[in-house]
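The values are calculated or read from the model by the stated rules, or taken from the named source; none is laboratory data. Here the structure is a predicted model, which is why all the values come from computation and not from measurement. Neighbour counts are summed over all protein chains in view; Cβ atoms, including those assigned to glycine, are modelled from backbone coordinates with ideal geometry.
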Amino acid sequence: MPASASDEASPVKTIDRAAVILNCLALGPQEGSRLSDIAVCSGLGKTTTHRLLAALVSVGFVDRGESKLYRLGYRLFALGSNARRFDLANLARPALLRLAAETEDTVFLSIRDGEEALCLDRCTGAYPIRTLTLNVGDRRPLGVGAGSLALLAFQPQQEVERLVAAHEVARAGYPNFSNENLKELIAQSRRRGFAFNDGRIVSAMAAVAVPVFGPDESLVAALSIAAIRERMQPERIAALVGSLQREAKDLGRLLQAREASKRSKQS
C-alpha cells in the first residue's frame, strides 16, 4: 500500500523539529539548557521536546550530564570535523596555522551566515596570554567584533545600510556598537582597508581583521587576529594587517582555483 502524503511528511517534520532543538542548544549557554527553556526556544510542547531530546541523546547528538542540563553532544563535533574536508575551514586552516605561528596570537576565521557572523575556526598562538573571546560556532550580530565588522563593512553599500538599520536591537547587548558608532567604524574600515576593534567588547583586548574575497570578487570570509591591547600598538597593527592581507589574498586565489576546477569538471 503506497504511503500517503501525511506519512511522507511526518519524518520531514520530525527532522525539522530536531534541527530547531539543536539550533536552540547551539545558541544556549555553554553549561547546557533546561528542558523548559528548550521548549520555549523551539516553540514546541514539553512532551514533544522531551521525546526529541531523548532520541537525540540516544544517537549522541545531544548530551545530558549529571546536571540534567542538555547540551550539544560530541557526535556532532565528530560529524563537523569530517565535514571540514569539504568546506572553507579546511581550505583556510593552513593560513590560520601560519598566522598563529608567526604572530603568537589568536587567529579567527569568520563567515557571514544569514544575518550574523559565525566563527568557523580558531587557532591559538604561543603567547601566554590568550584572547579566546570567540569559540568555534559562536555567533555575533554583523559588525560586532573585528571579523564581524570586516564582514559587514565590505558589503555593498545598500546591503550595509540595510543590515545596520535592521539589527539595532540585536546589537543592544553591545553598547559600543550603536548605529552611529557602527557607521563610523564601517567608514574607518573602508578607508583603512581593514577592521579594528579597540577594546569595544572586552576592554583589555583588541583585534584586527581583513576581508577575504573569492570568485567574482565576492566577500566570503574574514581573517582576524586578537591580542591584549598592549600588543596592538600602531607599528604592530600595521605588521599584523600585512600578514592578514597576505594570507587573505592567497586564500582568495585558492578559492578561485577551486571554483575554476569545479566549472571545468561540469563543462
Residue that is nearest to residue 102 (Cα to Cα), among those in the range 245-267 that are among the polar types (S, T, N, Q) and surrounded by 11 or more Cβ atoms within 10 Å (Cβ to Cβ): 245
Matching entry among 242, 214 (being modelled with pLDDT under 95 and surrounded by fewer than 20 Cβ atoms within 10 Å (Cβ to Cβ)): 214
Subset tally (residues that are more than 26 Å from residue 139 (Cα to Cα), part of a loop (DSSP other than H, G, I, E, B) and modelled with pLDDT of 90 or more) for the range 1-51: 1
Residue match in the range 171-184 (condition: surrounded by 23 or more Cβ atoms within 10 Å (Cβ to Cβ), free of Cβ contacts under 8 Å to residues at least 60 places away in the same chain, out of contact with any strand residue (DSSP E or B) (no Cβ under 8 Å at 6 or more places or on another chain) and among the hydrophobic types (A, V, I, L, M, F, W, C)): yes
Out of 101, 117, sole residue that is modelled with pLDDT of 85 or more, of a type outside the set (Val, Ile, Thr) and assigned to a helix (DSSP H, G or I): 101
Residue that is farthest from the chain's Cα centre (by Cα), among those in the range 24-52 that are among the polar types (S, T, N, Q) and loosely packed, with under 13 Cβ neighbours inside 10 Å: 47
So residue 87, is it modelled with pLDDT under 90 and more than 30 Å from residue 231 (Cα to Cα): yes
Residue among 135, 197 that alone is outside any helix (DSSP H, G or I) and either over 24 Å from residue 90 (Cβ atoms) or of a type in the set (Asp, Glu) (or both): 197
Residue match in the range 140-154 (condition: exposed (fewer than 14 other Cβ atoms within 10 Å of the Cβ), assigned to a loop (DSSP other than H, G, I, E, B) and in the same structural domain as residue 227 (by TED's automatic domain parsing)): no
